[in-house]
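Have a look at the structure below before the remarks.
The values are calculated or read from the model by the stated rules, or taken from the named source; none is laboratory data. Here the structure is a predicted model, which is why all the values come from computation and not from measurement. So basically every Cβ, Gly included, is an ideal-geometry build from the backbone, and we count neighbours across all protein chains shown. Protein only, heavy atoms only, side chains kept; ligands, DNA and RNA dropped before computing areas. Shrake-Rupley method; radii C 1.70, N 1.55, O 1.52, S 1.80 Å.
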Amino acid sequence: MGINGQFDIRGVARKFDIFGEFRSAEPYGSGHINDTFRATYYQGGTTLHYLHQRINHNIFQNPEALMDNIIRVTRHIRTKLNGLKGSSRRSLTLVPTLDGEVCLRDDEGNFWRTYVFIEGARTYDAVQTKQQAFEAARAFGLFQKQLVDLPGPRLHDTIPKFHHTPSRFRALQEAIEADESNRAQHAKPEIEFAMAHADMVSRLVELQERGEIPERVTHNDTKFNNVMIDDETGEGICVVDLDTVMPGLALYDFGDMVRTTTSPTREDEQDLSKVGMDFEMYEALLRGYLETAGEFLNDREKQELAFSGKLITFEIGVRFLTDYLRGDTYFKVHREGHNLDRCRTQFKLVESIESNEDRMNTLLERVEVGA
Ligand code: ADP
Ligand code: GN1
Ligand code: MG
């Protein structure tokens, strides 16, 4: 076993086309799926960093297809950034292996990739200011806009039905029925809350089926900690975590921004009295998003923006609850009941969004007329 316990990062790093001397590596970030390491290299008198990531291939069952999506998307964005100041920090850059591959397959069957580390910027697990909310949404909206004209073929679905809320809801019903970890007894109020909201799960998929909202290239994991904020300017400079970039609805992206960027708390806050939508944060988020996405969204998409926040917050809550009932097999957990705590936070936020929904819709009308 290597320097990082479970993984030999030095051994992995040696296989990538990095000019410089490996010094050390440490686990990095707070993602729930992949394993991320920041490695330090010594290169011609200075130190610099790269990011090595193990792709969770239990969850992403076709890593080659996933990498193919990322290559196409980052290449397309790069052509759009051509010449712009600081463009190398505005999109992810993959580092190939010494064999010229985008991904390394190690002896244990793991898939590894390496990114150039973006310096002078960082991600946050909880939003602190309205400016951050604005910037995050502007950056994710820009990301969608940059991909509006991505040439075909259609991107691969890296996880089929990823945001198909009715399927997520059915999975919860099955987990309740099976109750294989005998935990349903500890989650009665949450199960009740979920069942009481069953009627909203089909709304966006039905609008899509009726052709009222279009499929687009979307990010699908627009958590606040998936956008890098520049340390000096506060600008949202680079969208990261591209594993779930695939065909989706723009509203899924906006919904996940509402989920992670309008309550000042972390996703697993245990003191529910602190969890709630801050309306001014929402306003900043909406304005930031429309600044970049406003020009390509259709009217129907815009009308559903507030609803999408409620839906996606509910959907992720349902997924946390399902995983809790199944015995924590999907999301990484760091304490007992972690997924149940996360579910409670989401459901509390759903309630808070419900009580703000009318105001959120009125705000949209005001922002649309430029007020
Ligand atoms: P996960 O799928 O585990 O969430 P991410 O791709 O989001 O993994 O990476 C985890 C964290 O690493 C991010 O939240 C961000 O802080 C940081 N990060 C990701 N890519 C880069 C990069 N190219 N440069 C600097 N930091 C990065
Ligand atoms: C996972 O990888 P990460 O932590 O950015 C999950 C998202 C959830 C999120 C909840 C592939 O994202 O869908 O919204 O956790 N990613 C996958 O925090 O399932
Ligand atoms: Mg992430």
Legend entry - Ser202, sole failed condition from (1) under 14 Å from Val318 (Cβ atoms); (2) out of contact with any Pro (no Cβ under 6 Å at 6 or more places or on another chain); (3) more than 16 Å from ligand 2 (Cβ to nearest atom): (2)
Inset, instruction - Check Ala171 against each of (1) crowded, with 20+ Cβ neighbours inside 10 Å; (2) among the small types (Gly, Ala, Ser); (3) away from ligand 3 (no atom under 16 Å from the Cβ) and name the one condition it does not meet. - result: (1)
Inset, instruction - Would you check if there is a residue in the stretch 22-33 being open to solvent by 40 Å² or more (accessible area, probe 1.4 Å), part of a loop (DSSP other than H, G, I, E, B), out of contact with any strand residue (DSSP E or B) (no Cβ under 7 Å at 6 or more places or on another chain) and in contact (Cβ under 8 Å) with a residue 24 or more places away in the chain? - result: yes
Legend entry - Filter result for Asp199 (within 16 Å of ligand 1 (Cβ to nearest atom) and either open to solvent by 20 Å² or more (accessible area, probe 1.4 Å) or at pLDDT 95 or above (or both)): no
Inset, instruction - Select, from Lys80, Lys85, the only residue that is charged (D, E, K, R), more than 13 Å from ligand 1 (Cβ to nearest atom), free of Cβ contacts under 8 Å to residues at least 12 places away in the same chain and open to solvent by 30 Å² or more (accessible area, probe 1.4 Å). - result: Lys85
Inset, instruction - Could you run through the stretch 79-108 and say how many residues are at pLDDT below 95 and of a type in the set (Gly, Ala, Ser)? - result: 4
Inset, instruction - Check off (1) assigned to a loop (DSSP other than H, G, I, E, B); (2) open to solvent by 20 Å² or more (accessible area, probe 1.4 Å); (3) in contact (Cβ under 8 Å) with a residue 40 or more places away in the chain for His163 and give me the number that stays unchecked. - result: (2)
Legend entry - Residue among Thr40, Thr74 that alone is touching a residue at least 12 places away in the same chain (Cβ under 8 Å), part of a strand (DSSP E or B) and polar (S, T, N, Q): Thr40
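So that you can scan it fast, the table gives a plain yes or no per residue for (1) touching a Phe, Trp or Tyr at 6+ places or on another chain (Cβ under 7 Å); (2) open to solvent by 60 Å² or more (accessible area, probe 1.4 Å); (3) in contact (Cβ under 8 Å) with a residue 40 or more places away in the chain:
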residue	(1), (2), (3)
Glu101	no, yes, no
Asp106	yes, no, yes
Phe111	no, no, yes
Thr114	yes, no, yes
Gln131	no, yes, yes
Gly141	yes, no, yes
Leu147	no, no, yes
Inset, instruction - Identify the residue in the stretch 205-242 that is within 28 Å of Asp35 (Cα to Cα) and among the hydroxyl-bearing types (Ser, Thr, Tyr) and, among all such residues, is nearest to ligand 3 (Cβ to nearest atom). - result: Thr222
Inset, instruction - Would you check if Gly255 is in a loop (DSSP other than H, G, I, E, B), touching an Asp or Glu at 6+ places or on another chain (Cβ under 9 Å) and either within 16 Å of ligand 2 (Cβ to nearest atom) or modelled with pLDDT of 95 or more (or both)? - result: no
Inset, instruction - Scan the stretch 205-241 for residues that are more than 16 Å from ligand 2 (Cβ to nearest atom), assigned to a helix (DSSP H, G or I) and either among the basic types (Lys, Arg) or surrounded by 15 or more Cβ atoms within 10 Å (Cβ to Cβ) (or both) and jot them down. - result: Val205, Leu207, Gln208
Inset, instruction - Residues that are closer than 19 Å to Pro166 by Cα and modelled with pLDDT under 95: find the helices (runs of 4 or more DSSP H) completely inside the stretch 260-336 holding 3 or more of those. - result: none
Inset, instruction - Using the structure shown, decide if Leu340 is within 30 Å of Thr36 (Cα to Cα) and either outside any helix (DSSP H, G or I) or over 19 Å from the mean Cα position of the chain (by Cα) (or both). - result: yes
Legend entry - Failed condition for Thr362, given (1) over 19 Å from Thr218 (Cα atoms); (2) in contact with a Leu (Cβ under 6 Å, 6 or more places away or on another chain): (2)
